[in-house]
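Enquirer: Sending over a structure as structure tokens; questions will come in a sec.
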Amino acid sequence: MSRVRREKNPRSKLWLLLIVLVSVFCIVFFAANGRFRVPVSSQAVSLVLSPFQSAIGWVSSQVTYLESEVWDVITLHEQNKMLRNEVTQLRVQNLQASEYASENARLRELLDYKNTATQFDLMAARVIGRESATWSSMIIINRGTLDGVRDDMPVVTPQGLVGRIVEAGPNSSKVQLILDPRSSVGTLVQRAESRVNGIVEGDPDNPTMPRMVNIPKTADVVEGDVIVTSGFGGVFPKGLTVGIVSTLKMDTGGLLQVAVLEPAVDFQKLEDVAVITASREAPPDPLQPPVQTPGTETDPAAAAQQQPQAAQAEAAP
């Protein structure tokens, strides 16, 4: 019998505990909703319910705080994402603006050169490529026969001579630079006291600096002289700047000088060029015969024209 009682006691305690918990839950629930009235004083009810109300209030505040924090994190994440996108767009716009500014500066320089070099018909062109096999001596521009470009037309920049068209296609053309060892440009020293002629060609041992050859050993050429096109050969107009004499040395035979030139054009930064499609260089003035001495005239017609001029000169006070 005692064993049976001992086995029933735990079950009785469990049911008693469950009833108490359900009762407390009901009291709290109905008291919180104002639907339950206990037959005790309000002070006792408040005393019993205050821990539960505090717990409920604390949980509610924590839930509200957590909800606010989560919302703030989500909002900040979205704002940060938008700001990053805006920064990326601004960087792209800044790069585009810088590129446009650089392009406008180059085009303005070409336009100023076109307005100054009125003896030439210039067509602006853009460098769109270089030949991989001849990286330093051949470029490709975006102008071709459909634009009026033909073989052997000179290509220039405001700084000086670039080269000539060697293969004109419908929409693009190949330009042989003066750095190409196969190139040959008739040149002369711009200095009035010199005016020495020579030929500028590319140097295979120094691809970035052409050389002026066929200079006599005793010719008046010094470092710093400006070299321009001579106009000989009919391809390049006269007076285009080619470069500046950097150094002078003797050739292998010891009979001629070789002038190493610093090019006027920076070929590593070549982006925009101009093609000379026509040249309107004025022909040289016709030769004037000298004034003939009276009595030794060899041209009666010229003597007849000179007599009135001589009479007017004598009549003048």
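Here's the yes/no breakdown for (1) assigned to a strand (DSSP E or B); (2) touching a residue at least 24 places away in the same chain (Cβ under 8 Å); (3) more than 35 Å from the chain's Cα centre (by Cα):
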{"residue": "Val221", "(1), (2), (3)": "no, yes, yes"}
{"residue": "Gly224", "(1), (2), (3)": "no, no, no"}
{"residue": "Ile227", "(1), (2), (3)": "yes, yes, no"}
{"residue": "Val235", "(1), (2), (3)": "no, yes, no"}
{"residue": "Val242", "(1), (2), (3)": "yes, yes, no"}
{"residue": "Val245", "(1), (2), (3)": "yes, yes, no"}
{"residue": "Leu248", "(1), (2), (3)": "yes, yes, yes"}
{"residue": "Gly253", "(1), (2), (3)": "no, no, yes"}
{"residue": "Ala259", "(1), (2), (3)": "yes, yes, no"}
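Enquirer: Follow-up question, since we're still on this one. Could you list, in sequence order, the residues of the stretch 144-178 that are part of a loop (DSSP other than H, G, I, E, B), at negative phi and open to solvent by 10 Å² or more (accessible area, probe 1.4 Å)?
Expert: Arg150, Asp151, Met153, Pro158, Gln159, Gly169, Pro170, Asn171, Ser172
Enquirer: Looking at Leu95, Leu76, Leu90, Leu49 in this structure, which one is in contact with a helix residue (DSSP H, G or I) (Cβ under 6 Å, 6 or more places away or on another chain) and either at pLDDT below 85 or more than 30 Å from Asp180 (Cα to Cα) (or both)?
Expert: On the way: Leu95 fails: in contact with a helix residue (DSSP H, G or I) (Cβ under 6 Å, 6 or more places away or on another chain); Leu76 fails: in contact with a helix residue (DSSP H, G or I) (Cβ under 6 Å, 6 or more places away or on another chain); Leu90 fails: in contact with a helix residue (DSSP H, G or I) (Cβ under 6 Å, 6 or more places away or on another chain).
Of Leu95, Leu76, Leu90, Leu49, the one residue that is in contact with a helix residue (DSSP H, G or I) (Cβ under 6 Å, 6 or more places away or on another chain) and either at pLDDT below 85 or more than 30 Å from Asp180 (Cα to Cα) (or both) is Leu49.
Enquirer: Filter the stretch 189-203 down to residues that are in a loop (DSSP other than H, G, I, E, B) and touching a strand residue (DSSP E or B) at 6+ places or on another chain (Cβ under 6 Å) and give me whichever is surrounded by the most Cβ atoms within 10 Å (Cβ to Cβ). Write out each step before concluding.
Expert: So the first thing to find is which residues in the stretch 189-203 are in a loop (DSSP other than H, G, I, E, B), and the list is 190-196.
In the following step, the residues that additionally are touching a strand residue (DSSP E or B) at 6+ places or on another chain (Cβ under 6 Å) were identified as 190, 195-196.
Numbers: Gln190: 15, Arg195: 11, Val196: 20.
This residue is Val196.
Enquirer: How many of the residues making up the stretch 224-275 are of a type in the set (Gly, Ala, Ser) and over 22 Å from Pro204 (Cα atoms)?
Expert: Of the residues in the stretch 224-275, 7 are of a type in the set (Gly, Ala, Ser) and over 22 Å from Pro204 (Cα atoms).
Enquirer: Take the residues in the stretch 96-124 that are aromatic (Phe, Trp, Tyr) and buried (at least 16 other Cβ atoms within 10 Å of the Cβ), then tell me which one is farthest from Gln268 (Cα to Cα). Steps first, please.
Expert: If we filter the stretch 96-124 for residues that are aromatic (Phe, Trp, Tyr), which is where we start, we get 100, 113, 120.
Now narrow it down to the ones that are buried (at least 16 other Cβ atoms within 10 Å of the Cβ): 113, 120.
Values: Tyr113: 21, Phe120: 25 Å.
Per the criteria, the residue is Phe120.
Enquirer: Kindly check whether there is at least one residue in the stretch 125-134 that is open to solvent by 50 Å² or more (accessible area, probe 1.4 Å), modelled with pLDDT under 85 and not basic (Lys, Arg).
Expert: Looking through the stretch 125-134, at least one residue is open to solvent by 50 Å² or more (accessible area, probe 1.4 Å), modelled with pLDDT under 85 and not basic (Lys, Arg).
Enquirer: From the list Asn214, Asn206, which residue is open to solvent by 20 Å² or more (accessible area, probe 1.4 Å), touching a strand residue (DSSP E or B) at 6+ places or on another chain (Cβ under 8 Å) and more than 30 Å from Arg126 (Cβ to Cβ)? First the steps, then the outcome.
Expert: Details: Asn206 fails: more than 30 Å from Arg126 (Cβ to Cβ).
Unique residue meeting the criteria: Asn214.
The values are calculated or read from the model by the stated rules, or taken from the named source; none is laboratory data. If you're wondering where the values come from, they're calculated on a predicted model, not measured in any experiment. In this analysis, Cβ positions are derived from the backbone assuming ideal geometry, glycine residues included, and neighbour counts consider all displayed protein chains. Note: accessible area is taken over every heavy atom of the protein model, side chains too, but ligands, DNA and RNA are not part of it. Shrake-Rupley method; radii C 1.70, N 1.55, O 1.52, S 1.80 Å.
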